[in-house]
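The values are calculated or read from the model by the stated rules, or taken from the named source; none is laboratory data. Just so it is clear, the model here is predicted, and its values are computed rather than measured. Don't worry about glycine lacking a Cβ; one is built from the backbone with ideal geometry, like all the others, and counts go over all protein chains shown.
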Amino acid sequence: MLELDKLFNPGTVAVVGATPKEGKVGNTILKNLVASGTGMLSIYAVNPKYDRIQGLKCYPSLNEIDVKGDIDLAVIAIPASGVPEVLEQCGERGIKNVVVISAGFKEAGREGAVLESELVKLARRYKLNLVGPNCLGIINTYANLNATFGKTTPDRGSIAFLSQSGAFALAVIDWAKAARVGFSKIVSLGNKAVLDECHFLEYLAKDPDTAVITMYLEDVSEGSRFMSVASEASRTKPVVVMKSGVTEAGAKAASSHTGSIAGSVEAYRAAFAQSGVVEAASIQELFDFSLSLSRIRSIKGGIAIVTNSGGPGVMAADAIEGSGLELATFERGTMEKLHALRLANSYNPVDVRGDATTDEFGTALNIVAEDGHVGAIIAILSPTAPIEFDKAGDYVVAINAKKPVVPVFMGGETVMSAVEALKKRGIANYFDPVRAVESLRAVRDYEERHERVSEPPPHFSVDAERVREQIRHKPGFELLKAYGIPVPAYGKAETPDEALEIADRIGYPVAMKIISPDIIHKTDVGCVKLNVNRGKVKESFFEIMRRGEKYTTARRIEGVLVQQMVEGGKEVIIGMKRDRHFGPLLMFGLGGIYVEVFRDVSFRIAPLSMSDAKEMIRDVRAYRILHGVRGEPMSDIDSLVNVLLRFSQLCVEFPEILEADLNPIKVFEHGKGCYVVDFKMISSD
């Protein structure tokens, strides 16, 4: 872990590119440092054109600053071409922490990318902690440090915010000031030439001023490292991420079923879920979730709704059911107490009537809060004549001390004073009941992932050399057998007589399929024959070859696979597509020819633990069918878990495998196993 304390808590800061010209980046940065430093920072302006700026002595270069001791931080805001020389000066001067605001690097094209590579070399040579380039800067509200060119300094709070977009960070800072949302640290990551999201995750996980780490990311530098660091960070505090740029609109069509379904968005979602990260789908969710998690970490029970308006109460109840949360079922004593209040509805949602007073609403809240089945309360109020919102806010604050309460004070000017008072106490108000529910769903997601026991993936003894030989030549079922993955009896026939000999050995009926690297989806082109009896083997061989030659040349057809006919069972698919950030992205779902139609699939990043494999199977809607429905026997789910784990190890140990489908896999009744009936693989060799 890097030592970043002086980056966020410097005693001395040099601004290279400081200027007296209003509106310039170097001018705003210097102003922010002078304003926020309040005498605690020693600030040095650097620019050879000036003697003094903003009352400070200005130095021609870093080398000429006549100060004893170290300079803790250099903030650089000069044209890109001059940055390498300044980094050399930083290295020679012993300045270890650098923020490069300057743009014009890899985001500007090839020449900029070459220039950025120079920065990386210099940073490595001098062991510099370099933020950026092409960034807004950094903020530490607890050290009164604003080393950015933004015009606003946010309030102090417990949320740390990392953003890959400087413009977005500026907008968030401006919004947060008006919304009274406070931050502990803000980091604009920029091009992430040296320091990336993982370095800051490690630091912020141990930062006593930070309760929640919030990130806006456009990409992840190193997928496996991110998962490791995020997993460790999320054990101590929530990590909430909004990821943009996941649609891969320009991606080429993939050859396998898995490749056509699995994209960047699935890889990121799988990585976030496995790392304990809470994913936000919008800016609103990013901060709704972060604010909720900054004060609520656990929901021990169902959700109760207390409202003076039936409509919003029903909206909240619908949202709870749709989100996977549960409405609390009240204890008998709670029901009796609520009934005595003569409410419109004493069940959950509790409707206190539109003409209820604030005290009646508060009494109902208190009764519900005492119920042991209730884990959190959504308090919904519309602006009826008897309601005093400031007083209602006091009830929320008091009850929140013993049980989480999420207020939904619906209104504008009428509720403004109460909402502001709640914000000062760190309690966010939501106008929309659905947003309140979603914020609690994020808490439950974090809680479940946080409580999940980390376990290593299992390791199987395999014939790796046999697999390597298979991949090097023509991969087939031997590759799967080497990893202990069950396949039916089979043989490869290059002539009709060989096909008959193999079929006689296997036993009838048999399945027959073309073997060609050019024909991936064999069924689609009529190159699969099922339930073939002895009298039809040679005829089927010729027909498969004839059909195959319509789609490729004879020399690209390697023969016909003659295989034991597997009857019965349910069809599933296990597949893999290698993601450029995270590595092997595994897929499980409903198999056969309908996988791309129904897309009832789940994803995880390999290597899989036993829990990962079991969760993958439980996550698909078809799990109910596998588990046994309407008297049907339970499928052998344990055998599927075994295949997932072995296939996971195969994909990790052989990075040359780019895509693969085990489809269909026929899974039988519990205790009777499964067979991989067909196998497709695309490798880099």
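Of all residues in region 55-80, which are closer than 19 Å to Arg125 by Cα and among the small types (Gly, Ala, Ser)?
Once the filter is applied, which keeps residues that are closer than 19 Å to Arg125 by Cα and among the small types (Gly, Ala, Ser), region 55-80 yields only Ala74.
Could you look through region 626-641, keep only residues that are touching a strand residue (DSSP E or B) at 6+ places or on another chain (Cβ under 8 Å) and outside any helix (DSSP H, G or I), and pick out the one that is farthest from Asp600 (Cα to Cα)?
Pro633
Examine region 101-109 for a residue that is of a type in the set (Gly, Ala, Ser) and either in a helix (DSSP H, G or I) or without any contact (Cβ under 8 Å) to a residue 24 or more places away in the chain (or both), and state whether such a residue exists.
The answer is yes; a qualifying residue exists.
Could you check region 201-230 and list, in sequence order, the residues that are surrounded by fewer than 19 Cβ atoms within 10 Å (Cβ to Cβ) and closer than 27 Å to Ala606 by Cβ?
Selection gives Glu202, Glu218, Asp219, Ser221, Glu222, Ser224, Arg225, Ser228.
Scan region 466-479 and tell me whether some residue there is surrounded by 13 or more Cβ atoms within 10 Å (Cβ to Cβ), farther than 30 Å from Asp612 by Cβ, outside the structural domain of Ala606 (by TED's automatic domain parsing) and of a type in the set (A, V, I, L, M, F, W, C).
no
Which ones in region 23-45 are part of a loop (DSSP other than H, G, I, E, B) and modelled with pLDDT of 95 or more?
Scanning region 23-45 gives a single hit, Lys24.
Enumerate the pairs (first residue in region 48-68 and of a type in the set (Asp, Glu); second residue anywhere and surrounded by 11 or more Cβ atoms within 10 Å (Cβ to Cβ)) with beta-carbon separation below 7 Å, excluding pairs fewer than 6 apart on the same chain, so at least 6 apart or on different chains.
Asp51/Cys58
Could you list all residues from region 323-354 that are in contact with a strand residue (DSSP E or B) (Cβ under 7 Å, 6 or more places away or on another chain) and closer than 14 Å to Gly375 by Cβ?
Leu325, Glu326, Leu327, Ala328, Thr329, Asn348
Ser309 passes all but one of (1) modelled with pLDDT of 95 or more; (2) in contact with a Gly (Cβ under 7 Å, 6 or more places away or on another chain); which number fails?
(1)
Out of the residues in region 307-340 that are among the hydroxyl-bearing types (Ser, Thr, Tyr) and outside any helix (DSSP H, G or I), which is surrounded by the fewest Cβ atoms within 10 Å (Cβ to Cβ)?
Going through the qualifying residues, I end up with Thr329.
Hey, Ile485 hits all of (1) over 26 Å from the mean Cα position of the chain (by Cα); (2) surrounded by fewer than 21 Cβ atoms within 10 Å (Cβ to Cβ) but one; which does it fall short on?
Among (1) over 26 Å from the mean Cα position of the chain (by Cα); (2) surrounded by fewer than 21 Cβ atoms within 10 Å (Cβ to Cβ), the lone unmet condition for Ile485 is (2).
When only residues in region 108-131 that are in contact with a strand residue (DSSP E or B) (Cβ under 6 Å, 6 or more places away or on another chain) and closer than 17 Å to Glu88 by Cβ count, which is surrounded by the most Cβ atoms within 10 Å (Cβ to Cβ)?
Applying the filter and picking the extreme gives Leu130.
Which of the residues that make up region 285-306 are among the charged types (D, E, K, R) and either modelled with pLDDT of 95 or more or surrounded by 15 or more Cβ atoms within 10 Å (Cβ to Cβ) (or both)?
Once the filter is applied, which keeps residues that are among the charged types (D, E, K, R) and either modelled with pLDDT of 95 or more or surrounded by 15 or more Cβ atoms within 10 Å (Cβ to Cβ) (or both), region 285-306 yields Glu285, Asp288, Arg295, Arg297.
Quick check on my filter: what residues within region 1-22 are among the hydrophobic types (A, V, I, L, M, F, W, C) and either within 13 Å of Tyr50 (Cβ to Cβ) or modelled with pLDDT of 95 or more (or both)?
Hits for region 1-22 are Leu4, Leu7, Phe8, Val13, Ala14, Val15, Val16, Ala18.
Is there a residue being in contact with a Lys or Arg (Cβ under 7 Å, 6 or more places away or on another chain), at pLDDT 90 or above and assigned to a loop (DSSP other than H, G, I, E, B) anywhere in region 580-600?
No.
Kindly check whether there is at least one residue in region 57-66 that is touching a Ser or Thr at 6+ places or on another chain (Cβ under 7 Å) and assigned to a helix (DSSP H, G or I).
No, region 57-66 contains no residue that is touching a Ser or Thr at 6+ places or on another chain (Cβ under 7 Å) and assigned to a helix (DSSP H, G or I).
With the condition kept exactly as written, say whether any residue in region 263-278 is among the β-branched types (Val, Ile, Thr), within 30 Å of Glu197 (Cα to Cα), in a strand (DSSP E or B) and touching a helix residue (DSSP H, G or I) at 6+ places or on another chain (Cβ under 8 Å).
yes
Suppose the filter is closer than 25 Å to Cys674 by Cβ, touching a residue at least 12 places away in the same chain (Cβ under 8 Å) and not hydroxyl-bearing (Ser, Thr, Tyr); does Gly484 pass it?
yes
Let's see how each residue does on (1) surrounded by fewer than 21 Cβ atoms within 10 Å (Cβ to Cβ); (2) of a type in the set (A, V, I, L, M):
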site	(1), (2)
Ala613	no, yes
Met616	no, yes
Arg624	yes, no
Gly628	yes, no
Ile637	yes, yes
Val643	no, yes
Phe647	no, no
Val652	yes, yes
Ile657	no, yes
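Checking the structure you have, find out if any residue of region 71-81 is under 20 Å from Asn144 (Cβ atoms) and surrounded by fewer than 24 Cβ atoms within 10 Å (Cβ to Cβ).
yes
Which of the residues spanning region 341-351 are aliphatic (A, V, I, L, M) and at pLDDT 95 or above?
Val350
Tell me which residues, restricted to region 209-238, are in a loop (DSSP other than H, G, I, E, B) and closer than 20 Å to Ile296 by Cβ.
Within region 209-238, Asp209, Thr210, Ala211, Arg235, Thr236, Lys237, Pro238 meet the criteria.
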